[in-house]
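The values are calculated or read from the model by the stated rules, or taken from the named source; none is laboratory data. Predicted model, so just to flag it, every value in this text is computed and none were measured. All Cβ positions, glycine included, derive from the backbone under ideal geometry; neighbour counts span all protein chains shown.
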Amino acid sequence: MTKKQLFIFAMGLLSISTFAQDIVVNKYGQRFDCFISREDSSAVYFDYYRNSAKVDTFIVRNDIINYQYGAICEAPIPNWDAKFSLAAGYGFGAATFIGLDIEYLFANRFGFQIGGGALGASAALNYHLSSTIRSSFLSLQYNIYGIGTDKTWGYQRTTIGPAIVFRGRRWFSAQVGLGYILDKGPAYNDISTLPVVLSVGIGGYIPL
């Protein structure tokens, strides 16, 4: 990818995460295409339009089948309460090619993730935008690129930095992030003098 293509990819991913609509589905199967304003331990608060009039309301959690930020839901989504997920694709797990990420949602919205693949390994702490592993999240990632002393395929660099990870309501996933370079290896050949690098990934995920 050229720098221009990476920039377009990053802006597109950010726009998806920012402008997609929220949904709430109650236990009767009624769907609300809405804007979720806040949530607490007892209810989810949102507003939507009915007959061109804005309605501010809430639904208690016991009456909710599922809800999600930044997605359109046409039916109850399976594995909504899953605590583990497996993601795979290009750039995942700090892999040069194909990698895997395994995430465990250890608390409300917080997940721990480890990954690896072709010439890479990673670990991350994630904060989800809603209380489900199917939601998009912000991630603080520690990545190791490359293994060994080979000048072409060996160790390149170690980085740490933030990333935005988009997850669709079914399986699609993509991410873009920045990594501050902590260390450089024999295979590092970036001509840029900047201390940060841009990373991208695209693939899919499944809750477990």
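Of the numbered conditions (1) over 19 Å from Gly89 (Cβ atoms); (2) at pLDDT 95 or above, Tyr205 satisfies every one except a single condition; which is it?
Result: Tyr205 fails condition (1) only.
Limited to the range 148-162, what total is found for residues that are in contact with a strand residue (DSSP E or B) (Cβ under 8 Å, 6 or more places away or on another chain) and surrounded by fewer than 22 Cβ atoms within 10 Å (Cβ to Cβ)?
So in the range 148-162, the residues in contact with a strand residue (DSSP E or B) (Cβ under 8 Å, 6 or more places away or on another chain) come out as 155-162.
Adding the requirement that they be surrounded by fewer than 22 Cβ atoms within 10 Å (Cβ to Cβ) leaves 155, 157-158, 160-162.
Here the count works out to 6.
Just checking, does the range 104-125 include any residue being under 17 Å from Ile164 (Cα atoms), among the β-branched types (Val, Ile, Thr) and crowded, with 18+ Cβ neighbours inside 10 Å?
There is no residue in the range 104-125 that is under 17 Å from Ile164 (Cα atoms), among the β-branched types (Val, Ile, Thr) and crowded, with 18+ Cβ neighbours inside 10 Å.
Consider Leu138 carefully, then state whether it is out of contact with any Lys or Arg (no Cβ under 9 Å at 6 or more places or on another chain), at pLDDT 95 or above and among the hydrophobic types (A, V, I, L, M, F, W, C). If you could, list the steps in order and put the result at the bottom.
Working: out of contact with any Lys or Arg (no Cβ under 9 Å at 6 or more places or on another chain): yes; at pLDDT 95 or above: yes; among the hydrophobic types (A, V, I, L, M, F, W, C): yes.
So Leu138 fits the description; yes.
Return the residues of the range 56-80 that are at pLDDT below 85 and either surrounded by 12 or more Cβ atoms within 10 Å (Cβ to Cβ) or farther than 15 Å from Thr132 by Cα (or both); say none if nothing qualifies.
Here is the first cut: in the range 56-80, the ones at pLDDT below 85 are 68-80.
Across the range 56-80, the qualifying residues are Gln68, Tyr69, Gly70, Ala71, Ile72, Cys73, Glu74, Ala75, Pro76, Ile77, Asn79, Trp80.
Which one is modelled with the lowest pLDDT, of the residues in the range 13-47 that are hydroxyl-bearing (Ser, Thr, Tyr), surrounded by fewer than 15 Cβ atoms within 10 Å (Cβ to Cβ) and not in a strand (DSSP E or B)?
Thr18
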